[in-house]
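Have a look at the structure below, then the notes.
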Amino acid sequence: MNETLWILFALVDLCMVLFVYRFFGKVGLFGLMVFNLLLCNIQVLKTVELFGLTTTLGNVLYASVFLATDLLSEFHGKKEAQKGVLLGFVALVMMVGYMQFALYFQPAAEDFAQPHLQALFGFMPRIALASMIAYLISQLHDVWAFHAIKNRTGDKLLWLRNNASTMVSQFLDSAIFCTIAFYGMFPMNVFWEILLSTYIIKVVVAALDTPFIYLARHLFRKQDTAITT
């Protein structure tokens, strides 16, 4: 059941990236990156069983953030992609800071939300720090690698720059996040299992976005001219 829902969720989310880009252009991609990044940092708190592996639910939305970054790189250039990455990072920092601040307010006697907000947003600073550092480094690497490959291959081999940049960047994200968040908290065999399972799921989702970036190039190439920087 989880596997079917996961595949449907991934396909719908990747389709929504194209839908948003079609109607709102690069501004829509900026907004989508912020929206999905904030949501996946909430959904990451929920663990699920997929294909025999225990993983976090936020991996699906995070993959579509990489697709949005690659679309910005392909159609609007390196600087716009970097701007989207930094916008997402600022939004994530603001969410973490604002929600931590909100938890300090004394709830009213009839309030029911405080325990639930505490459970969702009262996570350890170590987890929040891991998420923010992993996101910034992996996304900036994704933009750099995408353009490094494109500078060598031109407009050819879109599948290569899409997959190579994303899969290496996903490994960086998984390794940095798991090391900062979990190293020393679990036995080493459990730590490696968490890191490996997280990366495997991310690679599968990253591979799913390849047809979508080709479809985007087919649909939007005429209305957007790629800028090589």
Which of the chymotrypsin sites (Phe, Trp or Tyr not before Pro) found in the stretch 167-216 are in a DSSP loop and have at most 13 neighbouring Cβ atoms, other than their own, within 10 Å?
183
Calculate the dipole size of the stretch 36-167 relative to its Cα centre from +1 charges on Lys and Arg beta carbons and -1 charges on Asp and Glu beta carbons; express the result in debye to the nearest 20.
560
Taking a threshold of 22 Å on the Cα-Cα distance, which of the pairs 83/150; 46/83; 46/79; 26/83; 26/79 fall above it?
46/83; 46/79
Which value, in Å², gives the accessible area per residue of the chain when a 1.4 Å probe is used on the protein heavy atoms?
51
Compute the relative contact order of the chain as a whole-number percentage, counting only Cα pairs closer than 8 Å that sit 6 or more residues apart in sequence.
26
Shape call for the stretch 1-117 from the C-alpha gyration tensor, a ≥ b ≥ c root eigenvalues: rounded (a/c under 1.5), prolate (a/b greater than b/c) or oblate?
oblate
Check every DSSP H run in the chain and write down those whose alpha carbon atoms cover 18 angstrom or more along the long axis and whose mean Kyte-Doolittle hydropathy is -0.5 or greater.
2-43, 59-76, 78-102, 125-153, 158-182, 188-208
With a point put 7 Å past each Cα toward its Cβ, work out how far residue 221 is from residue 86 in nm, to one decimal.
3.1
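Decide, for the stretch 32-73, between rounded, prolate and oblate: order the square roots of the alpha carbon gyration tensor eigenvalues as a ≥ b ≥ c, take rounded if a/c falls under 1.5, and otherwise choose prolate if a/b is larger than b/c, else oblate.
Working: a/c = 5.08, a/b = 1.82, b/c = 2.79.
Judged from the Cα gyration tensor, the stretch 32-73 comes out oblate (a/c at least 1.5, b/c at or above a/b).
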If you stretched the chain out fully between residue 46 and residue 116, how much longer would it get, using 0.36 nm times the residue separation minus the C-alpha to C-alpha distance?
23.8 nm
For residue 58, enumerate residues with amide H under 5 Å from its amide H, sequence gap 5+ or separate chain, H modeled in the peptide plane.
44, 46
Give the peptides 88-97, 102-111 in descending order of average Cβ contacts within 10 Å, highest first.
88-97, 102-111
Assigned charges on the beta-carbon of Lys, Arg, Asp, Glu; the stretch 49-117 dipole about Cα centre (debye)
340
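Local charge sum around residue 64 (other residues, Cβ-Cβ under 11 Å, Lys/Arg +1, Asp/Glu -1)?
Summing Lys/Arg as +1 and Asp/Glu as -1 gives -3.
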Determine which lysines satisfy two conditions relative to residue 156: a Cα distance under 20 Å, and not lying fewer than 8 residues away in the same chain.
78, 222
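In deg cm²/dmol, rounded to 500, what helix-only [θ] at 222 nm does the chain give when every DSSP H run of at least 4 residues adds -39500 (n - 2.57) and the total is split over its residues?
On the way: 8 runs with 179 residues, N = 229.
So the calculated ellipticity at 222 nm is -27500 deg cm²/dmol.
The values are calculated or read from the model by the stated rules, or taken from the named source; none is laboratory data. Keep in mind the model is a prediction, meaning the values are calculated, not measured. A quick note on method: Cβ atoms are made from the backbone with ideal geometry, for glycine too, and the neighbour counts reach across all protein chains shown. SASA here: full protein model, heavy atoms, side chains in, ligands and nucleic acids out. Shrake-Rupley method; radii C 1.70, N 1.55, O 1.52, S 1.80 Å.
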